[in-house]
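**Q** Encoded as structure tokens, here's the structure I'll be asking about.
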Amino acid sequence: MSRGIFIIGLLLWASISFAQEVSGKITDIDGAPLEGFVLIEGTSYKAPSGRDGKYSLTGFNAGTYKLVAFVSGYQITFIELTFQSDQKLTYDFVLEDLNTQLEEVTIDEAHSGDTDMGWLQSVSGSAIYESKKTELIEIDKLIGNKAANVGRQVYSRVPGLNIWENDGAGINLGIGGRGLNPNRTSNFNVRQNGYDISADALGYPESYYTPPIQALQRIELVRGAAGLQYGTQFGGMLNFQFKEGPKDKKIGVSSTQSLGSFGLFNSFNSVGGTVGKVNYYGFYQYKTSEGWRPNSDQSQHNLFGSVTYNISPLLNVKIEHTHMSYLAHQPGGMTDDEFNSDPSISKRERNWFQVGWDLSAMEWNYRVNNSIKFNNRTFLLSANRYAVGNLENINEDDDPSSERNLLKDEYFNWGNELRAIIHYPLLGKKSVMIIGNRLYFGKTDRRQGEGSTSSGADFDFIEQQNNYSEYLFPSTNVSVFVENVFNLTDKWSVTPGARFEYIKTQADGFYYYPVTDFAGNILRVDREDESRDKSRHFMIFGLGTSYKASDILEIYANISQNYKAINFNDIRVINPSLTVDENISDEFGYNADIGIRGGNKAIKYDISVFYLRYNDRIGPMLSNRTGARFRTNVGDANIYGFESYIEGDLLKWHKPGSEQQSLTAFVNLALIKSEYVRSERSGIVGNEVELVPLTNLKTGLTYRYKSLGISYLYTYLSEQYSDASNAVETITAVEGLIPAYHVMDLSLDYTYRFMRLETGINNLTDESYFTRRAAGYPGPGIIPANPRNFYVSIGFNF
């Protein structure tokens, strides 16, 4: 009896909790009904309006929601309504005509259809992407090893990316494209929720922190001629967009536990929801791995929290904080002979790497009206990176009684970006302008010297130093940028842009060096004080155009200047495997793209050609006189190629009405040619640019039936050189050829109610290959990729 009463009560509660309803009509300003739809932003609740313009939404919880009315060719209109229990409201939308729709609405299927890949809208949030080469990765639609952040799977549909596989646990990300060094993704402007996350975006743009894939809603890339809103970098912009708490419930909990080969364990747990006008989201991740080689164990903790307060439908404020820390044992590199004999060996057992990362940010968005919107982001980084070990050439054994090299960095940076998006009429069409400014102040405190002789993770300097150095590297960046989309016709637009940059980099510190006699005996230790300062200011320009012939065909082209400033902290690092030219200078050049793209539910494609001019390119090379390795301005390079991505649902072609299942095939092919055309160094002109494989292919097949998905991925990269001298093999293994390789992955996921199962095999055929020859950590030498490995994840959502 009591059970029956309980069930009846539960049903009554459910009927009351989900009895909210809103209905009404969509019309134009003359009162004519419009066919479109109304949605609750951030949820799956959506209702169409018929020929009479009427709509009805029901079945959601009590709470405060933003309702959005959308009709193609009309201005988006929204309203915020609060629903009490068992309440029915009426609201009529009146939409104004809009010649060209340029504002993004958050709809799950708007970007990429049934696939996990698409591109960014012309105007999205507080940015303009019209006529630019962009990619958008929808994480929820991705089938792969998310627990280990496997880069070749996550970015499988992005053409031309060269991905370094540094560790099997996926703690760090290393991607580059078009001949740009993948090292810690330093040639991209890397962002999280729209703000910088690298060590020092200007002075030391390496990313030691990578957000966990399981926390992301999507990944945005703007490549090549990246537009002038994000800076001067050659690679473009990479933005990790986090999930938010569900809009339709007060609390939602998610937990995923993963096990994999070589002791991989990943625990990801998140909570989020909406209470009144407040949306919140947070997660905690713990990851550990023993690694497949000796001395390659690592562990990571990652914590994130964000709170968004929707003050009104026109104003919201978000505050968030990220904390990440990890400790990694590094097994070192190996020579070519050692790799060919046994790639599982380790020649270093005293090398350790430790990182601590704290990021804080505040963002506010204010919509003055449907034509003017402001966005402001303030961000703060306090972080450290400690490395201790033996960095001598890998062909020399490690003496366990010798002091280790210890490098300790502290980073403290803050910045602010203010943007204004303005929609205005011009020549009978709707144009859009973005204008903004950026203030950025970075400071790196770097100390280097001798560490203990122990084999543990000891990051303390020994008392007596013969080669100790300590430097402060302040950097300042002030910039102003503007871009404008001019819609000349309903289909054709032109987007010019300009950016003013003021950059100041400094170095202030000292270093000790021993003075020896001819026998190598130390006579004394001298101190050298040093202070350096370099300021520059300049303008860079860009221009893009787009012609949207139809819903499935857009022709786009763009060109943009690029610039990369040198940083003094590179010059003052002592590395036995690498010296740096003290006269090294800034890099500059430009990117150009022209392509076609489009698609529908059955097919999606983006095919383009590009040209990258890279002047005074900085890179490593071998000295013809001494054979030593040094970093310098190698010369000017031409890099050009063909990039393509095509994906289609084979079942929709064969049976257009098929909805329960799909069979999608994709091909991602890049053919890139490169050459040094000018150099003051002998033996360089005519050589291939390092880290540019001629052929970069990723292709796959994904089958989905209801809640079951199976995905196969094939990756192939042709051979590439690791330095400008095009050395095939050297005794230190730092320079040399990176041979062609191929690798296959098989992944599966299955969802049943509130449970999700993910499993798969990476490197299905157990290929032995490597993607990188390292000069410093985690090498020096060849860093082998993981052999065949397995994973399984079980997740729950409540």
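**Q** Taking the Cα atoms only, what angle lies between the long axis of helix 2-17 and the longest principal axis of the chain, rounded to 10 degrees?
**A** The angle comes out near 90 degrees.
**Q** Can you pick out the pairs among Lys54/Lys652; Lys250/Lys277; Lys46/Lys250; Lys88/Lys250; Lys277/Lys318 whose Cα atoms lie more than 22 Å from each other? Mind showing how you got there, number by number?
**A** Working: Lys54/Lys652 31 Å; Lys250/Lys277 11 Å; Lys46/Lys250 20 Å; Lys88/Lys250 20 Å; Lys277/Lys318 12 Å.
Long pairs (Cα-Cα over 22 Å): Lys54/Lys652.
**Q** For the chain, what's the relative contact order in percent, using C-alpha pairs closer than 8 Å and at least 6 residues apart? Mind showing how you got there, number by number?
**A** On the way: 2348 pairs, mean separation 79.4, N = 798.
Over the chain, the number comes to 10 percent.
**Q** Let me ask another. Which of rounded, prolate, oblate describes the chain, given a ≥ b ≥ c as roots of the alpha-carbon gyration tensor eigenvalues and a/c under 1.5 marking rounded, otherwise prolate only if a/b is larger than b/c? Working shown, then result.
**A** Numbers: a/c = 1.77, a/b = 1.56, b/c = 1.14.
Verdict is prolate for the chain.
**Q** Oh, and also: Contact order normalised by length for region 484-549, with contacts defined as Cα pairs under 8 Å and 6 or more residues apart; what percent is it?
**A** Values: 109 pairs, mean separation 28.3, N = 66.
It comes to 43 percent, rounded to a whole number.
**Q** What does DSSP give for region 192-289 in terms of the percent of beta bridges that are antiparallel, rounded to the nearest 5?
**A** 95 percent
**Q** Provide the per-residue ³J(HN,Hα) series for region 145-157, in order, calculated from phi with Karplus coefficients 6.51, -1.76, 1.60 and θ = phi - 60°, each as a whole number of Hz, with x at glycine and proline positions.
**A** Once θ is set to phi - 60°, the couplings for region 145-157 become 7, 6, 4, 9, 6, 5, x, 5, 7, 5, 9, 4, 9 Hz.
**Q** Under 24 Å between alpha carbons: how many lysine pairs meet that in region 438-557, if sequence neighbours fewer than 8 apart on the same chain are excluded? Please report the intermediate quantities before stating the final value.
**A** Numbers: Lys443/Lys504; Lys443/Lys534; Lys491/Lys548; Lys504/Lys534.
Lysine pair count for region 438-557: 4.
**Q** Among the aspartates and glutamates, select those whose C-alpha is under 13 Å from the C-alpha of Lys408, and discard any that sit fewer than 8 residues away in the same chain.
**A** Asp445, Glu450, Asp458, Asp460, Glu470
**Q** If packing is taken as the average number of other Cβ atoms within 10 Å across a peptide's residues, how do 326-337, 605-616, 694-705 rank, most packed first?
**A** The densest-packed peptide leads the list: 326-337, 605-616, 694-705.
**Q** Go through region 548-565 residue by residue and turn each phi into a ³J(HN,Hα) via Karplus (6.51, -1.76, 1.60, θ = phi - 60°); whole Hz please, and just put x for glycine and proline.
**A** Couplings: 8, 5, 7, 5, 10, 8, 10, 9, 10, 8, 7, 9, 8, 6, 9, 7, 9, 7 Hz.
**Q** Here is a follow-up. Can you pull out the GluC sites (Glu not before Pro) in region 360-397 whose DSSP state is coil and whose Cβ has at most 14 other Cβ atoms within 10 Å? Each step should come with its number before you reach the end.
**A** Working: sites: Glu363, Glu392, Glu396; in loops: Glu392, Glu396.
Sites meeting the loop and neighbour criteria: Glu396.
**Q** Under 12 Å from the Cα of Lys673, which aspartates and glutamates turn up, not counting those fewer than eight places away in the same chain?
**A** Cα-Cα hits under 12 Å: Glu643, Glu688, Glu690.
**Q** A further question follows. Quick query: amide H of Asp200 versus all other amide H atoms, modeled in the peptide plane; which residues come in under 5 Å with a sequence gap of 5 or more or a different chain?
**A** Here Glu206 satisfy the definition.
**Q** Gain in length, Ala32 to Ser255, computed as 0.36 nm per residue apart minus the alpha-carbon separation, to one decimal in nm? Don't skip to the answer; put the middle values down first.
**A** Working: separation 223, 0.36 × 223 = 80.28 nm, distance 4.86 nm.
In short, 75.4 nm is gained.
**Q** Can you give the calculated 222 nm mean residue ellipticity of the chain, where each DSSP H run of n ≥ 4 adds -39,500 (n - 2.57) and the sum is split over every residue, rounded to the nearest 500 deg cm²/dmol? List each step's numbers first, then the result.
**A** On the way: 5 runs with 35 residues, N = 798.
Using -39500 (n - 2.57) per qualifying helix, the result is -1000 deg cm²/dmol.
**Q** While we're here: Which cross-chain or sequence-distant (5 or more) residues have an amide H under 5 Å from the amide H of Val580, H modelled 1.01 Å from N in plane?
**A** Correct list: Arg631.
**Q** Excluding residues fewer than 8 places away in the same chain, name every one of the aspartates and glutamates whose C-alpha is closer than 12 Å to that of Lys247.
**A** Glu41
**Q** Return the sequence-ordered ³J(HN,Hα) values of region 487-500 in whole Hz as given by the Karplus equation 6.51 cos²θ - 1.76 cosθ + 1.60 applied to θ = phi - 60°, using x for Gly and Pro.
**A** 8, 6, 9, 5, 10, 10, 10, 10, 10, x, x, 8, 9, 9
**Q** Got a sec? How would Tyr195, Tyr547, Tyr280, Tyr752 order by Cβ neighbour count within 10 Å, fewest to most?
**A** Working: Tyr195 22, Tyr547 16, Tyr280 19, Tyr752 9.
Arranged by neighbour count, lowest to highest, Tyr195, Tyr547, Tyr280, Tyr752 become Tyr752, Tyr547, Tyr280, Tyr195.
**Q** How would Trp352, Trp357 line up from fewest to most surrounding beta-carbon atoms within 10 angstrom? Let's see the in-between values first.
**A** Details: Trp352 25, Trp357 22.
Result, fewest neighbours first: Trp357, Trp352.
Readers should treat all values here as calculations from the given coordinates under stated rules, not as data from a laboratory. Predicted, not measured: the structure shown is a model, and the values here were computed from it. Glycine also receives a Cβ, built like all others from the backbone with ideal geometry; neighbour counts cover every protein chain displayed.
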